[in-house]
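All remarks here apply to the structure that follows.
The values are calculated or read from the model by the stated rules, or taken from the named source; none is laboratory data. The structure displayed is predicted, hence computed values, not measured ones. So basically every Cβ, Gly included, is an ideal-geometry build from the backbone, and we count neighbours across all protein chains shown.
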Amino acid sequence: MAFVNRPALAVVPLVLALARCASPSPALDASTDAGDAPSPGVRIDLGTGQLAWESLATAGTSVELIHGPQGGYHLFGRVRFDTLGPDVYIRFRVTPAEGGAVVNDPNDRIHLTEGRGLLRTSAGWETSSAQLVILTTVNNPATVVGRRFRLEATVTASPGIETSPAATVAREIVIVDQT
């Protein structure tokens with residue numbers, strides 16, 4: 001009698017079903033500047049808020065500087081988007097509005113999946129909680145409080161998902177310290 005690996009055979013129909021569901025779509029690259037709308041076909045919104053979504057739709061919106069318990073400083077970032085889910089990477093980038101060096105680690109990548117940091121909504125997907133945007137170069141709040149910055153978020157589908165489409169949104173913010 002020949003040996004048949006039944007678990008391996010069970011995977012074949014699943015792989016075939018997933019292959020039929022995949023529809024090729026062009027790579028998305030929606031770049032926005034402070035207040036601009038994303039490219040047609042891509043909806044991505046940038047927000048903040050520790051406990052609930054707070055929109056950053058208006059340029060110059062205040063974002064709270066948080067002094068973390070380990071001594072560093074961070075902002076809260078949130079993202080909503082209509083495509084690219086349910087398995088994505090998010091990168092935030094914070095730079096002075098007038099130009100200059102990045103004040104966070106732009107290589108810091110957050111992996112989110114449905115049920116693990118990403119919620120499905122009627123309009124698409126959104127982060128289920130605030131994401132920490134750690135300001136790695138800030139040692140003194142006086143260097144950033146009251147200044148204008150560009151907060152940018154890039155959402156990329158997990159590698160291998162339809163050639164990893166991405167969308168980027170950016171807004172001008174003012175960092176404030178309300179503590």
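Going by what's in this entry, would VAL94 be described as more than 23 Å from PRO159 (Cβ to Cβ), crowded, with 18+ Cβ neighbours inside 10 Å and not acidic (Asp, Glu)?
yes
Residue by residue, here is whether (1) small (Gly, Ala, Ser); (2) more than 20 Å from HIS67 (Cα to Cα); (3) modelled with pLDDT of 95 or more holds:
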site: THR136; (1), (2), (3): no, no, yes
site: GLU162; (1), (2), (3): no, yes, no
site: THR168; (1), (2), (3): no, yes, no
site: GLU172; (1), (2), (3): no, yes, yes
site: VAL176; (1), (2), (3): no, no, yes
Of (1) in contact (Cβ under 8 Å) with a residue 24 or more places away in the chain; (2) surrounded by fewer than 19 Cβ atoms within 10 Å (Cβ to Cβ); (3) out of contact with any helix residue (DSSP H, G or I) (no Cβ under 8 Å at 6 or more places or on another chain), VAL88 satisfies all except one. Which? (2)
Kindly indicate whether ARG43 is under 15 Å from THR156 (Cβ atoms), modelled with pLDDT under 95 and of a type in the set (Lys, Arg). no
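Evaluate region 170-179: report whether one residue or more is in contact with a strand residue (DSSP E or B) (Cβ under 9 Å, 6 or more places away or on another chain) and farther than 17 Å from LEU75 by Cβ.
no
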Counting only residues that are under 17 Å from ALA170 (Cβ atoms) and in contact (Cβ under 8 Å) with a residue 60 or more places away in the chain, how many does region 103-143 have? 1
